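The values are calculated or read from the model by the stated rules, or taken from the named source; none is laboratory data. Since we're looking at a predicted model, the values are computed, not measured. Here the Cβ positions follow ideal geometry from the backbone for every residue, glycine too, while neighbour counts run over all protein chains shown. Note: areas computed on protein heavy atoms with side chains; ligands, DNA, RNA excluded. Shrake-Rupley method; radii C 1.70, N 1.55, O 1.52, S 1.80 Å.
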Amino acid sequence: MSSAIKRGVSLYSYQNETFQGKMSLEDCIRTSAELGARGIEIIGEQTFWGWPEYGAADADVDNWHRLIAQYDCVPVSHDFMLDYKRYKGREMPFEEQVASVRNDIDFGARLGMKYIRALVSIAPEVLVAAAPHAEERGIKILIEVHAPLHFDHPWIIRHAEAFEKSGSDALGFLPDMGMFLFAFPPVWKERFLRLGVPQAIADYVVKAYEDRVLSEYVILNVQQMGGTGPAIAMAETLRHNAAFEPKRMLDHMSRIHNIHGKFYQMTEDYVEPSIPYDEIVKVLQQGGFQGYICSEYEGNRWIEDAEEPNSVEQVRRQQVMLARLLGETEVPSLKTPIAA
Amino acid sequence: MSSAIKRGVSLYSYQNETFQGKMSLEDCIRTSAELGARGIEIIGEQTFWGWPEYGAADADVDNWHRLIAQYDCVPVSHDFMLDYKRYKGREMPFEEQVASVRNDIDFGARLGMKYIRALVSIAPEVLVAAAPHAEERGIKILIEVHAPLHFDHPWIIRHAEAFEKSGSDALGFLPDMGMFLFAFPPVWKERFLRLGVPQAIADYVVKAYEDRVLSEYVILNVQQMGGTGPAIAMAETLRHNAAFEPKRMLDHMSRIHNIHGKFYQMTEDYVEPSIPYDEIVKVLQQGGFQGYICSEYEGNRWIEDAEEPNSVEQVRRQQVMLARLLGETEVPSLKTPIAA
Amino acid sequence: MMDNKMIVEGSLQSVEGGFSFLGRLPYYRGLGLSMIEDIQVTVDGTVQPREAVRFAVRGRTYTLDEMETVYDNRWNFGEKATIIVLNGGLTPGAHAITFAVRYRVSYLPFVPTTKDTKELALAA
Amino acid sequence: MMDNKMIVEGSLQSVEGGFSFLGRLPYYRGLGLSMIEDIQVTVDGTVQPREAVRFAVRGRTYTLDEMETVYDNRWNFGEKATIIVLNGGLTPGAHAITFAVRYRVSYLPFVPTTKDTKELALAA
Ligand SMILES: [Mn+2]
Ligand SMILES: [Mn+2]
């Protein structure tokens, strides 16, 4: 049984390689396409130098379209940032914020995207004001619902209410699967151990997360176990992570159009030890989701102090897992090695 | 149209008077009964000196039953505490915690209660282990779901899962309506102003809460507005309060048996400016709730630095509001003044 | 809560070897004595040594160290305990008394200290 | 993230009136120059004055004060900017260089500073 849900990659996943120039845009797109992850999401200003301050060059945009066509891919989302703190000491005025979002809508359309991703820190009124322009350009603006937020948080409810009131279907949500973190990620634990957290404390924090102990109690207990600096920091991660329930997406499916397949680590046997993708895929299928789950590898920043991340291998493993969960019969595999 | 929902009072509401000996137990019960709030909830160790360390005297328990009968009231809940930090430097062992809960179950039964209230800080395993004893005694153990927690928080989900797995219907929830705080309470603002928070900062925090701005942004903004000490503390209250949605109780109605009618202030025209009781009552009716909403006045601690709380008047006003919302035709009123 | 009602007005008295006043726990319930971590009394700006403080309730008197392992007695809700300080005594007249209590509350991830200051007069 | 890749290895050079090296922003995206609040360079334990620092990218050079109001240029993702310090020059040989950047990120409720330290050699 195959699924209406499609696979994609956010090129954010390859950031460690692209930052260093080890992978070109073509490498990123080809790699994703070979894995059958044909939906391509980008952070516009990561992929296109100049955006937004001095604009993306036509040649670069032409190259993008050439590569998308060559590898039979589909542009999915341009993730924009809206730097409303551009001016030191004063926030960007409302109308300028709206104009900035319109600019990103146009850029998304120029790249052939269906969606642009907004951060939750942007006021819903700004997005509502930009919605008519998005409708004209055939773009939907999706706010990313990301830990520590969740679908029952008042700030997200406020967005949902503003979206309903606007009457526009150009406004929606992009849930980041990190909000469903059900176990403390092993790569986080290992990094905290390298930073000097005593083994007993690290074990305790992992267990406490599993037991859903409230963060403030965990922080106190770690202090009483003699924890300092990095041990406290390890305990404090619990303030910002919570194992919310994937089924809480169901009330919002009509506005959920794209998914960030956040992951911190894929093991050799294709398991993400901390995010419940089996349950996530079931819920998305139950909700009739037909969009893309785009790989979003974020383990890089947790291991880079000890080893060079291998983002392509990590994405490959997640795509193998996703293909399995989606009932695909073919196992995604790479044909072209990346020159190291 | 009258409602299956009944009115009650937690004697916690009269704490300022009972602490000072200005109201006796009889005053508390008579006052509640005159207001038609016949469900009586207590914090066992507040009402009964000695409990649990040296036990409640038989004479005191006899007096309780006499008063309940005399004023035609109904014992609803004994709120217990379980001091698992009784021993300095080590937590009470598991079996002793379970035995302690059994002791409170017996006390609840001795007082004729239907429920005992547990705090969320108690491990669900302890409650599950005590459940068979509760079943025998005809008591249900209800954990109080209280801000900053809410029904979608992993710690509450963990309790719900443990309750389901136990198969016992002696385990349930007691939601505290403070978790639905939709506006910054005026009595909080006034207290922070008395503590020296500048008017502009206080106004900003109130507005930011209304706008559902994330607490960390509000704290930063208050710092940038020059806020110190009490201004930061005012902003930090937003970390612990969130306007969750009353309708999120609906998934759990089969285990919700008692309600804390938390309030901070009832105005002269019978309005609680910060907790949406109209919506709360609608949701409870929709969910088929047939238990008590017990007044829980907590404005006392916010005003006592400036004026002596008048708990009876505050409870009266809330009961008038509740009677209206429940469709009662008679307006609750007091017949017997409390001797000052 | 009830912070400003911790010290009972007009309760300052001389006792053998020191003075006493009545004190209440600033809380909406009572606590077992083992959960009272410290009681600190300051007189006219001078902190009294912990060893000089006694806590008495319903006819039983404890040192603060003893209280830490008392599991069969409580400081009840609103109950007026007698706080005794064996400092050799106070001069008659007005004294500024600060009464601070540190108590361990099972459900709190920190250990609060609450205090009250009042001017009390000792009869000559 | 990318903290340990901020300073580009082997990039230390002498320039007229000082020295330069190549630096990258430790971030998964770029930033408009007005959001770079400070760049602090430390050489062998000595902090260089802010006034001595220049930032150059794609042929344009700015003081740090000037950058604060530059709205038409960026430090792009992974882009190697030239960080110039007009300190009069360094002696040939190895130097411990610390490169710290403070940048304003709209969605963060604080202003992060990230730094990298590397030993770089200046050719004689
Ligand atoms: Mn994401
Ligand atoms: Mn309550």
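Classify the range B:218-324 from the C-alpha gyration tensor, please: rounded if a/c falls under 1.5, else prolate or oblate depending on whether a/b exceeds b/c. Oblate, because a/c is 1.5 or more while a/b does not exceed b/c. For the residues A:Y84, A:Y115, A:Y12, a GNM of chain A with alpha-carbon springs under 10 Å puts the largest fluctuation on A:Y84.
Out of every Cα-Cα pair in the protein assembly as shown, what percent are more than 42 Å apart?
Result for the distance tail: 45 percent.
Under a 10 Å cutoff between Cα atoms, tell me which one of A:S168, A:S77, A:S295 has the largest fluctuation in the Gaussian network model of chain A. Its mean-square fluctuation being the largest, the pick is A:S168.
If R₀ is 25 angstrom, what is the calculated FRET efficiency for the pair C:T46 and C:V111, using the beta carbon separation as r and rounding to 0.05?
On the way: r = 24 Å, r/R0 = 0.98.
Computed FRET efficiency for C:T46 and C:V111 comes out at 0.55.
Against the criterion of solvent-accessible heavy-atom surface with a 1.4 angstrom probe, A:H150, B:H65 sort, most first, into B:H65, A:H150.
Here each label is just a point 7 Å from Cα along the line to Cβ, and for B:Q20 and B:L334 those points are 1.4 nm apart. Computed on the range C:3-111, the Cα convex hull volume stands at 107 Å³ per residue.
From Cα pairs below 8 angstrom and at least 6 apart in sequence, can you work out the relative contact order of the range C:3-111, rounded to a whole percent? Don't jump to the answer; show the numbers that get you there.
Numbers: 219 pairs, mean separation 40.9, N = 109.
The normalised contact order for the range C:3-111 reaches 38 percent.
Extension gain for the segment A:I157 to A:H65, taken as residue separation times 0.36 nm less the Cα-Cα distance, is 29.4 nm to one decimal.
Considering only D:V41, D:V70, D:V105, the mean-square fluctuation computed in a Gaussian network model of chain D, springs between alpha carbons under 10 angstrom, is largest for D:V105.
Placing dummy labels 7 Å off each Cα toward the beta-carbon, the span from A:S254 to C:R102 is 5.8 nm. Between copies, the label points at D:S14 (set 7 angstrom from Cα along Cα-to-Cβ) are spaced 8.9 nm, reported in nanometres from shortest to longest. Site pair B:Q290 and B:D58 shows an inter-label distance of 3.7 nm when each label is modelled 7 Å from Cα along Cα→Cβ. Across the copies of the chain, A:G50 has label points (7 Å from Cα along Cα→Cβ) spaced 8.6 nm apart, shortest distance listed first. Across peptide D:25-31, the mean count of Cβ atoms from other chains lying within 10 Å of each residue's own Cβ comes to 6. Phi angles of the range A:33-48 translate, via the Karplus equation with coefficients 6.51, -1.76, 1.60 and θ = phi - 60°, into HN-Hα couplings of 5, 4, 7, x, 9, 8, x, 10, 10, 9, 8, x, 7, 7, 7, 10 Hz per residue; Gly and Pro are given as x. Close amide H partners of C:E79, meaning residues 5 or more places away or on another chain with modelled amide H under 5 Å apart, are C:L25. Chain A gives an Rg/Rh value of 0.97, both radii derived from C-alpha positions and Rh following Kirkwood.
Applying a DSSP loop filter and a limit of 13 other Cβ atoms within 10 Å to the chymotrypsin sites (Phe, Trp or Tyr not before Pro) in the range A:15-66 leaves nothing.
Summing Cβ point charges (Lys, Arg +1; Asp, Glu -1) relative to the Cα centre of chain B gives a dipole of roughly 280 debye. A simple charge model with +1 on the Cβ of Lys and Arg, -1 on the Cβ of Asp and Glu and nothing else charged puts the dipole of the range B:186-237 at about 140 debye relative to its Cα centre. From the Cα gyration tensor of the range A:108-149, with a ≥ b ≥ c the square roots of its eigenvalues, which class applies: rounded if a/c is under 1.5, or else prolate if a/b is larger than b/c, or else oblate? Oblate. Computed about the Cα centre, the dipole magnitude for the range C:1-87 is approximately 360 debye when only Lys and Arg (+1) and Asp and Glu (-1) carry charge, each at its Cβ. Report the longest stretch of chain B that contains none of the GluC sites (Glu not before Pro) sitting in a DSSP loop with at most 10 other Cβ atoms within 10 Å. Free of exposed loop sites, the longest segment is B:1-267. Per-residue SASA remark: B:K207, around 100 Å² accessible (1.4 Å probe; ligands, DNA and RNA not included). Per-residue 3J(HN,Hα) values for the range C:13-27, derived from phi via the Karplus relation 6.51 cos²θ - 1.76 cosθ + 1.60 with θ = phi - 60°, read 9, 8, 10, 3, x, x, 9, 8, 8, 9, x, 10, 6, x, 7 Hz in sequence order (x marks Gly and Pro). Bridging of A:K335 to lysines at a Cα separation below 23 Å is possible for A:K6, A:K22, once same-chain residues fewer than 8 apart are set aside.
Starting from the range C:13-80, pick out the trypsin sites (Lys or Arg not before Pro) whose DSSP state is loop and whose Cβ has at most 14 other Cβ atoms within 10 Å. Walk me through the numbers before you get to the answer.
Values: sites: C:R24, C:R29, C:R50, C:R54, C:R58, C:R60, C:R74, C:K80; in loops: C:R24, C:R29, C:R58, C:K80.
Here the sparse-neighbourhood loop sites are C:R58.
Rounded to a whole number, what is D in µm²/s for the range B:81-165 from Stokes-Einstein with the Kirkwood radius over alpha-carbon pairs (25 °C, 0.890 mPa s)?
Values: Rh = 13.4 Å.
Rounded to a whole number, D works out at 183 µm²/s.
Under 15 Å of direct C-alpha separation, and excluding same-chain neighbours fewer than eight residues apart, D:K5 reaches these aspartates and glutamates: A:E17, A:E304, A:D305, A:E307, A:E308, D:E79, D:D116, D:E119.
Hull surface divided by four, with the convex hull built on the Cα atoms of the range B:186-237: how many nm²?
On the way: hull surface 11.8 nm².
So the Cα hull casts an average projection of 2.9 nm².
In the range A:23-110, the alpha-carbon atoms span a convex hull of 96 Å³ per residue. Computed on the Cα trace of the range C:55-121, the radius of gyration divided by the Kirkwood hydrodynamic radius gives Rg/Rh = 0.99.
The mean count of C-beta atoms from other chains within 10 Å of the C-beta of residues in B:53-62, rounded to a whole number, is 2.
With r as the distance between the Cβ atoms of B:D106 and C:T69 and R0 = 25 Å, compute the FRET efficiency 1/(1 + (r/R0)^6) and round to 0.05. Using R0 = 25 Å, I get an efficiency of 0.45. Of all chain B residues, the one whose Cβ lies closest to the rotation axis that maps B onto A, given with that distance rounded to whole Å, is B:D152, 2. Ranked from shortest, the separations from the 7 Å Cα-to-Cβ label point of A:H65 to its equivalents in the other copies are 8.8 nm. If a spin label sat at a point 7 angstrom from the Cα of B:R324 along the line to its beta carbon, the backbone N atoms of the range B:276-299 nearer than 19 Å would be those of B:276-285, B:293-297.
Just to verify a number: FRET efficiency for B:E91 and C:K80, C-beta to C-beta distance, R0 = 30 Å, to 0.05? Numbers along the way, then the final one.
Numbers: r = 31 Å, r/R0 = 1.05.
With a Förster radius of 30 Å, E is 0.45.
Legend: Rg and Dmax of the range C:1-64, from Cα coordinates, 12.3, 33 Å. For B:Y292, the residues whose modelled amide H falls within less than 5 Å of its own, excluding neighbours fewer than 5 places apart on the same chain, are B:K6, B:I259.
Working note: Karplus 6.51/-1.76/1.60 with θ = phi - 60° gives the range D:32-40 the couplings x, 5, 5, 9, 8, 7, 7, 10, 10 Hz, where Gly and Pro are set to x.
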